[in-house]
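This report concerns only the one structure given below.
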Amino acid sequence: MITKNTIRKRNAYLLLVMCILCFVSGIAIMTIGALQHSNPQFSFAGIFKLESYKNLVFSLIPGIN
């Protein structure tokens, strides 16, 4: 038997899962945008290369050489 309490718990769980998914996808989109901004020749395959992340880190922390 499905009660109102069971439906509320399930809805709360789904809301939590969707909030986490939206947060993670937002962080991923911002990371890709930052990589594109720091390296204009960036391509989707460049996500899996370390070189594109070096430019991003050096642009965020200018004191590292």
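Structure data summary
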{"item": "Filtered residues of the stretch 15-43 (kept if open to solvent by 90 Å² or more (accessible area, probe 1.4 Å) and over 30 Å from residue 59 (Cα atoms))", "result": "15, 16, 18"}
{"item": "Test for residue 56: is it at pLDDT below 80, assigned to a helix (DSSP H, G or I) and surrounded by 10 or more Cβ atoms within 10 Å (Cβ to Cβ)", "result": "yes"}
{"item": "Cβ-Cβ under 8 Å pairs, at least 6 apart or on other chains, the stretch 22-44 side closer than 20 Å to residue 54 by Cβ and free of Cβ contacts under 8 Å to residues at least 24 places away in the same chain, far side among the hydrophobic types (A, V, I, L, M, F, W, C) and not in a helix (DSSP H, G or I)", "result": "35/42; 36/42"}
{"item": "One residue from 9, 4 being at pLDDT 80 or above, over 18 Å from the mean Cα position of the chain (by Cα) and surrounded by 10 or more Cβ atoms within 10 Å (Cβ to Cβ)", "result": "9"}
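The values are calculated or read from the model by the stated rules, or taken from the named source; none is laboratory data. Keep in mind the model is a prediction, meaning the values are calculated, not measured. Here the Cβ is made from the backbone with ideal geometry for all residues, glycine too, and neighbour counts use every protein chain on show. Note: accessible area is taken over every heavy atom of the protein model, side chains too, but ligands, DNA and RNA are not part of it. Shrake-Rupley method; radii C 1.70, N 1.55, O 1.52, S 1.80 Å.
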